[in-house]
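Here is the structure we will look at, set down as structure tokens.
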Amino acid sequence: MDTSTAAIAGASANLTTDSERTIFNASGKQTSHVWSIFGFYKRGGKLDKSYAICKLCRAALKYTGSTTNLDNHATRKHRDEYGELKSRNKQQHSNDAPQVTGSIQRYFGKLGYNSTRAKEITNAITRFIAKGLCPYSVVECDGFQDLLHTLEPRYTLPTRKHFSNTCIPALYAQVKSQVEEELARAERVALTTDAWTSCATESYITITAHHINSDWQLKCHVLQTRVFKGSHTGKNIGALLKQACTDWNLVDKHPALITDNASNMVLAGEEAEMSPHLMCFAHTINLASQKAFKVNTVARLLGRVRRVVSFFHRSVRAVNILQEKQKQLALPHHKLIQDVSTRWNSSYDMLERFLEQQPAISAALLSRDIRNGDVNTLKAEDFCDAEDIVKLMAPVKLVTTTMSEDKQPTLSVISPVKAKLKKTFETTDNDTVVLREMKQAFMNDMEKRYSGLDHLFHTAAALDPRFKSLPFLKDSDAERIFTSISEEATSLHEKATAQPAEKVTVQTDPCQTDPAHEVPDITTDGPQSNDVPPTDYGPPSKKKKKSALDQLLGEDFKVKTPVRAVIDKTSEEVRRYRDRESLPLKNNPLQWWQEQQDLPMLSSLAKRYLCIPATSVASERVFSTAGDVVSSKRSVLKPEHVDQLIFLKKNLPNKKEVNIDNE
């Protein structure tokens, strides 16, 4: 018996007969190159796959389904023969490729880099990174690669640099072009801005834009997030705002500006020459509420409550006992809330939750199992004061929630809300000393914030069908507001009809012949002067030759619509508007305006006012997104990538929305 036969016999005592010494090829399902030189013996008429047999040296190697050990043996013992067999198999596979069936090619043929399917997958991954705020390194994650291989084995995943340097910038350019086209069709744009600092201690300034589109939807776009290395002076921020308006072609959109109450932001609005410049109403409410909460009695009460809440936040044992008491007293299993000194609503929430859990808190603090060190210094009158404070500030909390809305107009809500708050914070004879001091502190701070802007707020409210009755004004004041609206609508109409050509040249869409991309003209439904050429998106018509008299006297005798006719038409629109039933508060005023086809001039004016938000919450919301983008794991992310990722996160439409629009 030779050496190889002895080895096989030692490996398997059953491999002894002549029939079993014949090496049979593996089944056709085995596609690895190793099966060119390996096979199996038969046992009982079937292939014995316990051991793979080398056809060159008859070595028996244990086989468990993996071919790694077989490949190692062939490479180590039979390098030349094995290499020649692999090259021959590759050549044969190449020659046979055209004859491979479609189903086999589907699973084993690699996708070309420029194939439609590969581009679709790459684009989907790019959207996944942008919408999910995922780090670029996600494409190097083993789990992500396994997922893609399972879904599409033919796809070759590009590198992270390809996504960061090519795919994301290309998607950014595409979405930016779409945003620019949408803003070009807007009648007016309002901007909000705020500054924030990343975890890498880099300062950024974000600018958002708001407008009402042709479908009467309130749209919000993040325009840019720029790293700001200079001093945060009003002059520097104002210069940045002016440059942003130039870069995004917003100069002729009469942009309004909404910022917080910081002095540098006030100066920035003056430097940028934007009008109107509003202070964020939510920020103003916060400042006024902070004044009310700094009243001595209230501040002491908050300190005592804060001490108790902090005790339960520090002690695990105390929390467990509190949960037991909540269960015994059938109270909601809510955690106590710790307030943040810069946010008045967190103090309100802390008091509200404390009152809700007061029985459980008192029972837990009396337990012998915890040492509270007399943290509870609250007296009976403190609980009464806390209840009065929560009741007083409840409407203010609702105001904050309402003003944070970004899908419906909020500027028009300011006048009704101010009137409601003024009534709520009127002192009465039944007020306690605490309530009287809080009311006075709140209103004194509130009233000094919006001097000279009442006319703007009243006009916005009058153009909102929910508040057009203006019940918070005297009849004479309401009449003056609507008279002003009629005059402004007339003036707006005259300006629009005086320069129709300039309106058309605003269009930035390269597809100039597509009516879907035309710039809406606010005078479309209003009377036109006879010398204004109609908007035509078809082939240019041949100009008619002017007569000699027209050439001589045309400039002096233009056919114009009488001014009186325009004024009468505007007044008639105002009359019809005021005669109609007010819209319920739960309804959408923008949808209502979309249905008013017989009020074209008022509709245009309404768009110019209702697109202005009452708060700068939109830009402040970017902070949370920015925290996910510039995280501790991506603290060295380049500023241009920060800008692109935040822009795409906020502006990139969902695939479902895109498909609906395409349909």
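Every read-out reported here was derived from the displayed coordinates using simple, explicitly stated rules and does not represent laboratory data. In this text the structure is predicted, and so the values were computed from the model without any measurement. Here the Cβ positions follow ideal geometry from the backbone for every residue, glycine too, while neighbour counts run over all protein chains shown.
Applying the Kirkwood pairwise sum to the alpha-carbon positions of the range 288-400 produces a hydrodynamic radius of 14.5 angstrom. Taking only the C-alpha atoms of the range 344-397, Rg followed by Dmax gives 12.8, 40 Å.
Let's see if you can work this out: charge +1 on each Lys and Arg Cβ, -1 on each Asp and Glu Cβ, no other charges. What is the dipole magnitude of the range 170-293 about its Cα centre, in debye to the nearest 20?
About 220 debye.
Specify whether the C-alpha gyration tensor of the range 391-442 places it in the rounded, prolate or oblate class, a ≥ b ≥ c being the square roots of the eigenvalues: rounded for a/c under 1.5, otherwise prolate if a/b is larger than b/c and oblate if not. Here the range 391-442 falls in the prolate category.
Given 4 °C and 1.567 mPa s, compute D for the range 112-165 with the Stokes-Einstein relation, Rh being the Kirkwood radius over Cα pairs; round to the nearest whole µm²/s.
114 µm²/s
Across q = 0.18, 0.22, 0.24 Å⁻¹, the range 184-238 modelled as identical point scatterers on its alpha-carbon atoms has Debye log10 I(q)/I(0) values of -0.67, -0.83, -0.91, in the order of the q list. Extension gain, Glu405 to His313: 0.36 nm times the residue separation minus the Cα-Cα distance gives 29.9 nm. Compared with the rule-of-thumb size 2.2 N^0.38 Å for a compact globular protein, the range 215-260 has a Cα radius of gyration ratio of 1.33.
Taking 0.36 nm per residue of sequence separation and subtracting the Cα-Cα distance, how much length would be gained by fully extending the chain between Ala124 and Lys420, in nm to one decimal? Contour length minus the Cα-Cα distance gives 101.6 nm.
Which listed residue (Gln217, Trp196, Ile237) has the Cα farthest towards the positive end of the charge dipole for the range 181-237, taking +1 on Lys and Arg C-beta and -1 on Asp and Glu C-beta about the Cα centre? Of the options given, the answer is Ile237. One decimal place: the segment Lys327-Asn72 gains 85.2 nm when fully extended, by the rule 0.36 nm per residue minus the C-alpha distance. Our coupling estimate for the range 114-122, obtained by passing each phi through the Karplus curve with A = 6.51, B = -1.76, C = 1.60 and θ = phi - 60°, is 9, 5, 4, 5, 5, 5, 4, 5, 4 Hz, Gly and Pro reported as x. Amide H to amide H, with H built 1.01 Å from N, Tyr155 comes under 5 Å of Leu111, counting only residues 5 or more places away or on other chains. The protection proxy used here, the mean number of other Cβ atoms lying within 10 Å of each residue, ranks peptides 275-286, 583-594 as follows, highest first: 275-286, 583-594.
What's the local net charge at Pro395, with K and R +1, D and E -1, over the other residues with C-beta under 14 Å away? Net of charged neighbours comes to +4.
Share of pairwise Cα-Cα distances greater than 19 Å in the range 154-308 is 65 percent (whole percent). In whole angstrom, how far apart do the alpha carbon centroids of the range 261-295 and the range 208-260 sit? For the range 261-295 versus the range 208-260, the Cα centre distance is 17 Å.
With θ taken as phi - 60° and the Karplus curve 6.51 cos²θ - 1.76 cosθ + 1.60 applied, the whole-hertz 3J(HN,Hα) list for the range 251-268 is 4, 8, 9, 6, x, 8, 10, 10, 9, 7, 8, 4, 5, 5, 6, 4, 5, 5 Hz, x standing for glycine and proline.
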